[in-house]
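Notes follow the structure.
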């Protein structure tokens, strides 16, 4: 791997780590780590400051995932092989989850992953987003919708003919997203998970 390739991948991780939702909340004198679920992602931002702020955080978190992949393409040119692009997308998600700007504490990676794979595997991402929307509409649980969408992504990528490195990166990101939702899954099994529109829901 060339020095420029290594630099671009580190940059993808650092870009993914920019905690937009946390910064939006801090601009309103709110520390997301001390409210709601304590998570610094867009869902907790919506819970703390309303849907408008949450939507802005969601868009920015998704955008940084896509930009990280496009940045690698731009910086590496002909060297921007599928493996480098897929790794950049996965690193952007990892940066969001383990933000270097917040002492390696971060969000759950769903929006950033959607943005990255919208560039890497657009059709597979559409399938995952469709699952997310249907599950959310039926069950009104963001966590369950996120986990099932994450599981859908690598499967759809494989069957829709994505490059092998992209499918592998999608599987790695899905595993990370599910791991980050482990507390939600425990509450789901216990029947105590929050739903949209109820007390404690986003």
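Please treat every number below as a calculation from the coordinates, not as lab data. Because the structure is a prediction, the values reported are computed rather than measured. Cβ sites come from the backbone with ideal geometry, for glycine too, and all protein chains shown count toward neighbours.
Miscellaneous remarks
- Between 102, 87, 71, the residue with the greatest mean-square fluctuation in the GNM of the chain (Cα pairs under 10 Å linked by springs) is 102.
- Modelled spin-label separation between residue 55 and residue 29, with each label point placed 7 Å from Cα along the Cα-to-Cβ direction: 2.6 nm.
- In this rough spin-label picture, where each label sits 7 Å from Cα along the Cβ direction, the residue 196-residue 175 distance is 3.1 nm.
- Cα centroid separation - the stretch 9-84 against the stretch 123-158, whole Å: 19
- Equivalent ellipsoid of the chain: semi-axes from √(5λ) of the C-alpha gyration tensor, largest first, are 28, 20, 13 Å.
- Helix 110-120 vs. the chain, principal-axis angle (Cα, 0 to 90°, nearest 10): 30
- Rounded to 10°, Cα long-axis angle of helix 51-76 versus longest principal axis of the chain: 10
- With R₀ set to 25 Å, the beta-carbon distance separating residue 134 from residue 160 gives a calculated FRET efficiency near 0.85.
- GNM remark for the chain: springs join alpha carbons under 10 Å apart, and the peak mean-square fluctuation among 104, 132, 13 falls on 104.
- Contour minus Cα-Cα distance for residue 105 and residue 186 (0.36 nm per residue): 27.1 nm
- Counting only alpha carbon atoms, the long axis of helix 122-139 and the longest principal axis of the chain meet at about 10°.
- Estimated inter-spin distance, residue 63 and residue 10, nm [label 7 Å along Cα→Cβ]: 2.6
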